[in-house]
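Following: one structure in C-alpha cells, then a few remarks.
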Amino acid sequence: MVTPVRTILKAVTQTWGLERAARLAAAAEHWAGVVGPVLAERSAPVGLRGDTLLVGVIHSTVGQEIRLRRTAITRKLAAILGQGAVRDVTVVPRRRLRQGRALSRRGGGAGTARQAREGSRAGRGRAEQAERA
C-alpha cells in the first residue's frame with residue numbers, strides 16, 4: 001500500500017509542531033494584503049495561541065484599528081490559510097518593528113531617547129569613578 005505524500009507531510013508537521021509555525025509564517029507573509037500597507041508597517045503577526053493570532057502593534061491607535069477590523073482580518077486569513085486556522089486576533093503592544101516582526105517591550109534597547117543621548121546616571125557615575133582611579 002502506498003501512503004500519499006500529503007498524509008506523510010501532515011503527520012510530520014503535527015509531530016514536530018511545525019503546523020503552528022507554518023500558519024504564523026503564512027499570516028506574516030500575507031499580512032500587508034490582509035490589513036493594507038499602512039497598518040502592515042505598524043503591526044505584525046508575532047505569535048499564535050491556539051487559533052488566536054497575536055498581533056504586535058507599535059501604537060495604541062494601530063491596536064484599536066486592528067481590533068475594529070478583527071472580523072475582516074479573520075475572514076481574510078481564513079480565505080488564505082484555511083477555515084479555522086485563525087479564529088480570533090489579539091493585539092499586543094510592542095516598542096518597534098524590525099523586518100516585519102514586532103519586538104517585545106522587554107527586549108533590549110537603551111530606554112528612553114533622552115537616556116540614549118545622555119547615558120544613564122549609573123553609567124556616568126561608574127565612568128567618573130574609573131577616571132578618578
Spans of helices (runs of 4 or more DSSP H) in the stretch 1-70 with at least 1 residues closer than 22 Å to Gly82 by Cβ, at pLDDT 90 or above and in contact with a Gly (Cβ under 7 Å, 6 or more places away or on another chain) = 18-29
Would the stretch 41-57 turn up any residue that is of a type in the set (Asp, Glu), closer than 16 Å to Thr90 by Cα and surrounded by fewer than 17 Cβ atoms within 10 Å (Cβ to Cβ)?
-> yes
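The values are calculated or read from the model by the stated rules, or taken from the named source; none is laboratory data. These figures come from a predicted structure and were not determined experimentally. As a convention, Cβ positions derive from the backbone with ideal geometry for all residues, glycine included, and neighbour counts pool all protein chains shown.
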